[in-house]
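See structure below.
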Amino acid sequence: MARLSELGVDFDHWCFACGRLNESGMHLDFDVSRGRAETSCVPDRRHQGYDGTVHGGIVTALLDETMGWAIFHQGIWGVTARLTVTFKQPVPVGEELRVTGEVVRERSRSIETHGTVSRASDGAVLAEADAVFLLMPDERRRELERRYSRTDETFARVRAAVAAEEGVREHGRT
């Protein structure tokens, strides 16, 4: 998998999930492969709802962001249209979590994704989600591309790294 920060993705912004400027944020980084993103984190007390349990909104944000990066790292700009989360077990504060998101289906104007939050120590799925992302209107996409300068260059590096990894994996199978 390719690590986004190592490929020059600009995280110097205020996004709660991945922005480095947001002191209260999660400061997530992502490993990506074609149609897939994953991250890990250890939520702390400021992320809790009930004592010792991560707030459901934080869990939802983790899923939304990770599923979003499953499409965004491919240079596809989208916005969440629908997100359905199923909480299977309480998500504990202070334990390492693994969050994954993957593309399930691509349509002409939308992309369907699935994500999970698992406990890193044993792989138990604590929450999962399904989402639909709508492709961003061209005008808004261009505006954001100007804000996040050099996105074309960065996404080209990410795509090349993902393709190289796939080539190594395919070569290893022969």
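The values are calculated or read from the model by the stated rules, or taken from the named source; none is laboratory data. Just so we're clear, the structure is a prediction, and the values are computed from it rather than from any experiment. Ideal geometry is used to build each Cβ from the backbone, glycine not excepted, and the neighbour counts take in all protein chains shown.
Values for this structure:
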{"item": "Residue match in the range 12-26 (condition: modelled with pLDDT of 90 or more, buried (at least 17 other Cβ atoms within 10 Å of the Cβ), more than 18 Å from Val162 (Cβ to Cβ) and not basic (Lys, Arg))", "result": "no"}
{"item": "Pairs where the first residue, in the range 76-93, is under 29 Å from Asp51 (Cα atoms) and the second is aromatic (Phe, Trp, Tyr), C-beta under 7 Å, 6+ apart", "result": "none"}
{"item": "Residue match in the range 54-65 (condition: over 26 Å from Leu135 (Cα atoms) and either in contact (Cβ under 8 Å) with a residue 60 or more places away in the chain or within 14 Å of the chain's Cα centre (by Cα) (or both))", "result": "no"}
{"item": "Boolean, Arg82 is charged (D, E, K, R) and either surrounded by 20 or more Cβ atoms within 10 Å (Cβ to Cβ) or in contact with a Ser or Thr (Cβ under 9 Å, 6 or more places away or on another chain) (or both)", "result": "no"}
{"item": "Residue match in the range 136-151 (condition: hydrophobic (A, V, I, L, M, F, W, C), more than 26 Å from His13 (Cα to Cα) and either surrounded by 11 or more Cβ atoms within 10 Å (Cβ to Cβ) or touching a residue at least 12 places away in the same chain (Cβ under 8 Å) (or both))", "result": "no"}
{"item": "Matching residues in the range 90-149 - criterion: being closer than 13 Å to Asp64 by Cα, of a type in the set (S, T, N, Q) and touching a Lys or Arg at 6+ places or on another chain (Cβ under 6 Å)", "result": "none"}
{"item": "Pairs with Cβ under 9 Å, 6+ apart, first in the range 94-109 and in contact (Cβ under 8 Å) with a residue 12 or more places away in the chain and surrounded by 18 or more Cβ atoms within 10 Å (Cβ to Cβ), second acidic (Asp, Glu) and not in a strand (DSSP E or B)", "result": "Val99/Glu65; Gly101/Asp64; Gly101/Glu65"}
